[in-house]
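Visitor: Have a look at this one before I ask anything.
The values are calculated or read from the model by the stated rules, or taken from the named source; none is laboratory data. From a predicted model like this one, the values you see are computed outputs, not experimental measurements. Note that we place each Cβ from the backbone using ideal geometry, even for glycine, and neighbour counts take in every protein chain shown.
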Amino acid sequence: MPAPAPAPRRAPAAVTPMAFALALSSAYKRYGQTPDAALKAAQITPTQLHKADARMSARQMEQLSATAMRELDDEGLGAFRRKLPWGSYGMLARASLTAPDLATALKRWCRHHGLITDDIRLELTVAGTTATFTVEELRPLPPEVRELSLAFLLRNVHGLACWYVDSRIPLQETRFPFPAPAHAGAYAHMFPGPLQFDAAQAALRFDARYLKLPLRRDEKALAQMLQRALSITVLPYRRDRLLVPQVRQALAAHPDRSHSAEALAELLNVSARTLHRQLKEEGAGLQQLKDEVRMERAKDLLYRTKKPVKQVAAEVGFRNEKSFARAFRVWAGVAPGQFRDG
């Protein structure tokens, strides 16, 4: 019996607006050069380039950008008063590689970016549980490349942050200081999460807990990444290094809605399969986390309240006092009553 034919490979999804390719072409004109070779390398025809609603794949955008940056020797693609020579962003990434955590790495990146151009100011701030990365335009950016430049910069810093800590960093909000373009629908693919146009500044908002994560990359990994550095701006991360604390928080906050993996996964907006897989990658198990949360809750009730042990057992999910006492002794090394007396 002949082997089944292999399934045809799917073509990469074309969601990146062709308007970005048109902006890249205008950067060539600024330097008196032609984008023909770059467009050909990215397999973009003149007809496609000038089609208002056309899209290109992430791979095409990566190819086009890389070729343009090399040919123009400008990683800023004509957005700033002086060129950012090829390798500038790699230098910034390397300068932050020894940072102890993501917060330090991004602050270094912002500071060093100010050394290579003073047209914009980048800043990372934290307010409560939210981190915000903002782009302040100190001088007007060229209108023909402004949208591309700001979108590319936000994608770049978000992709680099994810790469540094080897984790998906969900965006709580992305803001742009221009009206919603005709291709605004494409932004949902580039910046998953709430979007705001006509904002005061370009900005990204995300959970500040990611800033405490240690960097997981070394010089060897950086050298490999820089061979296709632009891929970090177009490829999403599946792993989320904050999943374990998010699971603990959900279990503690919604004990009545997290009794099963499916119910918990729904609270976290992931599939049950993804939940189990990512917990395994982090060296944790769902039952283990449930036990830890129940133990902390039981200890808190025993220490801070005068509720009978039987009532504490019921509140942390045990059917009877005997099974609770047995489990608590395993967790804490003493019986519930001894823990309270101690």
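Visitor: Report whether or not Leu153 is part of a helix (DSSP H, G or I), touching a strand residue (DSSP E or B) at 6+ places or on another chain (Cβ under 9 Å) and on the phi < 0 side of the Ramachandran plot.
Guide: Values: part of a helix (DSSP H, G or I): yes; touching a strand residue (DSSP E or B) at 6+ places or on another chain (Cβ under 9 Å): yes; on the phi < 0 side of the Ramachandran plot: yes.
Yes: the conditions hold for Leu153.
Visitor: For region 259-290, name all the residues that are farther than 18 Å from Glu315 by Cα and assigned to a loop (DSSP other than H, G, I, E, B).
Guide: At the first step, the residues of region 259-290 found to be farther than 18 Å from Glu315 by Cα are 261-286, 288.
Across region 259-290, the qualifying residues are Asn269, Val270, Ser271, Glu282, Gly283, Ala284, Gly285.
Visitor: Could you grab the pairs with beta carbons closer than 8 Å, sequence gap of 6+ or different chains, first residue in region 247-258 and closer than 19 Å to Phe318 by Cβ, second one hydroxyl-bearing (Ser, Thr, Tyr)?
Guide: Cβ pairs passing all conditions: Leu251/Ser258.
Visitor: Yes or no: region 150-164 includes at least one residue that is within 15 Å of the chain's Cα centre (by Cα) and exposed (fewer than 15 other Cβ atoms within 10 Å of the Cβ).
Guide: no
Visitor: Kindly evaluate Arg121 against the criterion of being free of Cβ contacts under 8 Å to residues at least 24 places away in the same chain and in contact with a Gly (Cβ under 9 Å, 6 or more places away or on another chain).
Guide: Considered against the rule, which asks whether it is free of Cβ contacts under 8 Å to residues at least 24 places away in the same chain and in contact with a Gly (Cβ under 9 Å, 6 or more places away or on another chain), Arg121 comes out as yes.
Visitor: Filter region 114-126 down to the residues that are of a type outside the set (Asp, Glu) and within 16 Å of Leu102 (Cα to Cα), then identify the one that is nearest to the chain's Cα centre (by Cα). Before you say what the answer is, go through the steps one by one.
Guide: As a first pass, look at region 114-126 and keep what is of a type outside the set (Asp, Glu): 114-117, 120-122, 124-126.
Within this subset, residues satisfying the condition of being within 16 Å of Leu102 (Cα to Cα) are 122, 124-126.
Details: Leu122: 18, Leu124: 15, Thr125: 17, Val126: 16 Å.
Ranking the qualifying residues of region 114-126, first place goes to Leu124.
Visitor: If a residue counts only when it is more than 31 Å from the chain's Cα centre (by Cα) and of a type in the set (Ser, Thr, Tyr), which helices (runs of 4 or more DSSP H) contained entirely in region 11-67 have at least 3 such residues?
Guide: No helices (runs of 4 or more DSSP H) qualify here.
Visitor: Within region 303-318, identify whether any single residue is aromatic (Phe, Trp, Tyr), surrounded by 16 or more Cβ atoms within 10 Å (Cβ to Cβ) and modelled with pLDDT of 85 or more, and answer yes or no. Lay out the reasoning, then the answer.
Guide: Applying the first criterion (aromatic (Phe, Trp, Tyr)) to region 303-318 yields 303, 318.
Still in the list and also surrounded by 16 or more Cβ atoms within 10 Å (Cβ to Cβ): 318.
This time we only want the ones that are modelled with pLDDT of 85 or more, so: none.
No.
Visitor: Moving to a separate point now. Please go through region 24-79 and give me each residue that is crowded, with 23+ Cβ neighbours inside 10 Å and touching an Asp or Glu at 6+ places or on another chain (Cβ under 7 Å), ordered by number.
Guide: Answer for region 24-79, where residues must be crowded, with 23+ Cβ neighbours inside 10 Å and touching an Asp or Glu at 6+ places or on another chain (Cβ under 7 Å): Ala38, Met69.
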